[in-house]
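Each remark here refers to the structure printed beneath this line.
The values are calculated or read from the model by the stated rules, or taken from the named source; none is laboratory data. Predicted model, so just to flag it, every value in this text is computed and none were measured. FYI the Cβ positions are ideal-geometry reconstructions off the backbone, even for glycines, and counts take in every protein chain you see.
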Amino acid sequence: MTTNLIKSLYQRLREVGFTKPYITSVAALPWWWDDSLAENPAGYAQCLVSLSRHLGIDLESMQKDTGPLRLKNFGICKFKKRAGTTEAELQLSRVIATLAAAAIETPYRPVPSAADLRLSILEKAPWVGFEQLLDYCWSAGIPVLHVNRFPPDAKRPEGFTLRIAGRPVIVLCRDEKHPSWQLFILAHELGHIASGHIPEDGALFDEKVQGNEPDAEETEADRYALELLTGKGTTSIGASGRWPNMTELARLATEFGRRNSVDPGHVALNYGHSMTGSNFFPVARGALKLIHPGVNAIDLVREKLAEKLDWERLPEDSSEFLMRMTRQEVDE
């Protein structure tokens, strides 16, 4: 009887986007779990609790033998998305940040103005770079995660921020290793926090940090990010005369960055972005490899997470799940 229940459960989970291979790969169930354990009612009940906790599924709906599963109510959620994206496609990942918020001791300190935060960072660094901004977040009690393991058919946001019991948590999702790609996303999410855009016990998803349906909050977060990174609320660095190759762009971006206290990688990407329609981004990408060689932003995020979280605050199966979702463990 219970064997049929577990098969039916997997089918119902698939209907809300969670396939069995995905559930297995992200360790939503404990490492020792085997489906034969569901033949015992106590084992089946523990299976339901783990899946509910880690996948954000309402436990009561799972305890019923039939009927559709319901997602947990995580409070108000704002979806900053391009036209055509459904809210259900983005809602599935909020539980990850909820676990991280439960495993940090550092008290949260409100995010200051862009000008004040920039000034404090420039006292110790030549510009506001990704690692400096990452260090600031953790010192202010704001966990930062990188997660790119989503169900097969789910839309992947570039970043999102939650507020859980008063504490913001930032999740970066873009699968880019170069720190300058992640820098603006992180600064943009800080802009949402500083501007009071994140609902209490709610979330704000940015499917595309640049390219969402325009609104006042996105404009405000962009302005905060640009002021934090460059000292100005609007910055556009375009071409004049002959376009540089990647070596020239790396040199020009580094010189500009040193003169203006702006991360050279951000300068190169800003230049490439200003050349919309020119197919100039391959040149900008090449320049990034010369500007910050060998620096892996995703590894930096993982290292800080491993160092800063109090993993013992989480149940063992939740700790395993969070480690797997943030790739703290190497997949077998």
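A few remarks follow.
- Among the residues examined, GLY196 qualifies as part of a loop (DSSP other than H, G, I, E, B), surrounded by fewer than 20 Cβ atoms within 10 Å (Cβ to Cβ) and at pLDDT 90 or above.
- Among the residues of the stretch 148-158, those identified as surrounded by fewer than 24 Cβ atoms within 10 Å (Cβ to Cβ) and either touching a Gly at 6+ places or on another chain (Cβ under 6 Å) or not basic (Lys, Arg) (or both) are ASN148, PHE150, PRO151, PRO152, ASP153, ALA154.
- The stretch 159-172: number of residues that are touching a Lys or Arg at 6+ places or on another chain (Cβ under 8 Å) and surrounded by fewer than 24 Cβ atoms within 10 Å (Cβ to Cβ): 0
- Among residues of the stretch 3-43, those that are assigned to a loop (DSSP other than H, G, I, E, B) and either surrounded by fewer than 16 Cβ atoms within 10 Å (Cβ to Cβ) or without any contact (Cβ under 8 Å) to a residue 24 or more places away in the chain (or both), counted: 6
- Reported count of residues in the stretch 156-175, each being more than 21 Å from THR106 (Cβ to Cβ) and modelled with pLDDT of 90 or more, is 0.
- Residue list for the stretch 309-330, restricted to those being within 17 Å of the chain's Cα centre (by Cα) and at negative phi: LEU309, PHE321, LEU322, MET323, ARG324, MET325, THR326, GLN328
- Yes/no for THR247 being outside the structural domain of CYS173 (by TED's automatic domain parsing), exposed (fewer than 15 other Cβ atoms within 10 Å of the Cβ) and touching a residue at least 12 places away in the same chain (Cβ under 8 Å): yes
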